[in-house]
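Data block below; observations after.
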Amino acid sequence: MDNFGIGPHIITAAFDKVGLPVQYVWLPWTRAMQEAEESKVDFSGIWFYNDDRAQKFSYTSPVVSSSNVFFKRKDNDFDWVDFDSFPKDQLVGRTHTYSYGQHFDAAVADGKITVDDAPNDILNFRKLIRGRIDAFAISELVGYDMLRQQFPGDQVAALEAHPIEISTAPLHLIAAKGNTRAAALIEQFNQGMALL
């Protein structure tokens, strides 16, 4: 994508405002977090805030906001309004270890939503296309981009995002609290964001 996508575009622009160049390293999510935790990289991005992560990492100001939605097949009458009235007969795809917001997570824990986990988003989209799940929770922008890049047009045309958002939350860069450079870099990044 141009400028590596919207998140990196904003990150680069914010650091540019304070005269700092950015070099990107592309890693799987788990390894990206591990390398940040071990201070092998200054930042990992972009991540939602959660209390467990905040014990190890410091957060920058928000880079962008992301909305999670349910993708569904157009020929499926899947519909929802809120988690209290979620349709009991609908099976929802969820990517293992991902969180789609505290209300979604609580609804799953309370048995209001039945989920079927997969190890990654692409497998969840495959299950959705094949009718093995009724809906799949994912960031709307990530979902459409993944569909565009990974699936044929006829399969993409058969899917749509439900208009009601599951959650919307800001995404941040994170840096290990033990990283001696982190505090100064976070301050500079936040200044750059304010200038943008």
Note down all Cβ pairs under 6 Å where the first residue falls in the stretch 23-41 and is in a helix (DSSP H, G or I), the second is of a type in the set (Lys, Arg) and surrounded by 12 or more Cβ atoms within 10 Å (Cβ to Cβ), and they're at least six residues apart or on different chains. Glu37/Lys56
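Restricting to the stretch 19-42, give me the number of residues that are open to solvent by less than 40 Å² (accessible area, probe 1.4 Å) and either within 19 Å of Gly192 (Cα to Cα) or within 16 Å of the chain's Cα centre (by Cα) (or both). Break it down into steps so the answer makes sense when it comes.
Going residue by residue through the stretch 19-42, those that are open to solvent by less than 40 Å² (accessible area, probe 1.4 Å) are 32, 35-36, 41.
Now drop any that are not either within 19 Å of Gly192 (Cα to Cα) or within 16 Å of the chain's Cα centre (by Cα) (or both), which leaves 32.
Final tally of qualifying residues: 1.
From the list Arg94, Arg53, which one is out of contact with any Asp or Glu (no Cβ under 6 Å at 6 or more places or on another chain), open to solvent by 30 Å² or more (accessible area, probe 1.4 Å) and under 30 Å from Ile133 (Cβ atoms)?
On the way: Arg94 fails: out of contact with any Asp or Glu (no Cβ under 6 Å at 6 or more places or on another chain).
The unique qualifying residue is Arg53.
Assess whether Ser66 counts as being within 23 Å of His9 (Cα to Cα), open to solvent by less than 60 Å² (accessible area, probe 1.4 Å) and either β-branched (Val, Ile, Thr) or not in a loop (DSSP other than H, G, I, E, B) (or both). Reasoning before the result, please.
Working: within 23 Å of His9 (Cα to Cα): yes; open to solvent by less than 60 Å² (accessible area, probe 1.4 Å): yes; either β-branched (Val, Ile, Thr) or not in a loop (DSSP other than H, G, I, E, B) (or both): yes.
So Ser66 passes the test.
Pick out the one residue from Ala118, Ala137, Ala109 that is among the small types (Gly, Ala, Ser) and over 18 Å from the mean Cα position of the chain (by Cα).
Working: Ala118 fails: over 18 Å from the mean Cα position of the chain (by Cα); Ala137 fails: over 18 Å from the mean Cα position of the chain (by Cα).
Within the list Ala118, Ala137, Ala109, the selection yields Ala109.
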Output the residue which, of all residues in the stretch 97-120 that are within 19 Å of Ser66 (Cα to Cα) and of a type in the set (Gly, Ala, Ser), is least open to solvent (accessible area, probe 1.4 Å). Gly101
Please pick out the residue among Val142, Val92 that is within 18 Å of Ser167 (Cβ to Cβ), among the aliphatic types (A, V, I, L, M) and modelled with pLDDT under 95. Val142
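Got a sec? Which helices (runs of 4 or more DSSP H) wholly within the stretch 121-192 have at least 2 residues that are open to solvent by 30 Å² or more (accessible area, probe 1.4 Å) and touching a residue at least 40 places away in the same chain (Cβ under 8 Å)? Full working, then the answer.
Details: elements: 121-129, 140-150, 153-157.
Correct list: 140-150.
The values are calculated or read from the model by the stated rules, or taken from the named source; none is laboratory data. Keep in mind that this is a model prediction, so the values were computed, not measured. Cβ sites come from the backbone with ideal geometry, for glycine too, and all protein chains shown count toward neighbours. All accessible areas refer to the heavy atoms of the entire protein, side chains included, with ligands and DNA or RNA removed. Shrake-Rupley method; radii C 1.70, N 1.55, O 1.52, S 1.80 Å.
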